[in-house]
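Q: Before we start, here is the structure in question, set down as structure tokens.
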């Protein structure tokens with residue numbers, strides 16, 4: 001939900017940085033993703049000249065890589081949020097292709113497969129993003145998420 005208050009990170013959770021892989025474990029035994037933030041851009045710009053965020057908003061984007069490193073196929077992508085310095089979190093929005101590249105799309109990943117692309121967040125013009133969060137769709141308690149400082 002846009003502007004939703006930030007949920008606290010689990011105790012002892014450390015933020016990774018650009019280029020740091022984070023291992024995410026699903027609820028099902030043996031299902032693991034390696035998730036990496038490759039780049040962060042602010043602002044993000046659509047390749048379509050007439051497609052932009054509404055007045056008072058801007059887009060920021062993260063280049064993400066997901067690799068199935070577990071023992072079974074992996075289902076759909078989980079959820080992501082951009083957390084701002086005011087404690088609000090902003091979900092991913094659909095934008096189409098950016099000047100930096102195509103959006104990430106996958107329905108499932110077989111073991112060893114990789115999916116890469118951009119995720120976009122719509123935020124207030126004045127907001128400053130400080131961290132990104134990925135939460136697995138089939139989260140296992142205390143291990144199904146990753147955080148990156150930006």
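None of the figures in this text is laboratory data; all of them are computed from the coordinates on show. Keep in mind it's a predicted model, so treat the numbers as computed, not measured. Here Cβ is always computed from backbone atoms with ideal geometry, including for glycine, and neighbour counts include all displayed protein chains.
Q: Residues 102, 49: which one is at negative phi and touching a strand residue (DSSP E or B) at 6+ places or on another chain (Cβ under 6 Å)? Even if it seems obvious, please write down each step before you answer.
A: Working: 49 fails: touching a strand residue (DSSP E or B) at 6+ places or on another chain (Cβ under 6 Å).
The match here is 102.
Q: Could you check, for the range 44-55, whether at least one of its residues is under 16 Å from the mean Cα position of the chain (by Cα) and surrounded by 19 or more Cβ atoms within 10 Å (Cβ to Cβ)?
A: Checked against the condition, which is being under 16 Å from the mean Cα position of the chain (by Cα) and surrounded by 19 or more Cβ atoms within 10 Å (Cβ to Cβ), the range 44-55 yields at least one hit.
Q: Which condition from (1) out of contact with any strand residue (DSSP E or B) (no Cβ under 7 Å at 6 or more places or on another chain); (2) under 11 Å from residue 61 (Cα atoms) is the one that residue 107 breaks?
A: Going through the list (1) out of contact with any strand residue (DSSP E or B) (no Cβ under 7 Å at 6 or more places or on another chain); (2) under 11 Å from residue 61 (Cα atoms), residue 107 breaks only (2).
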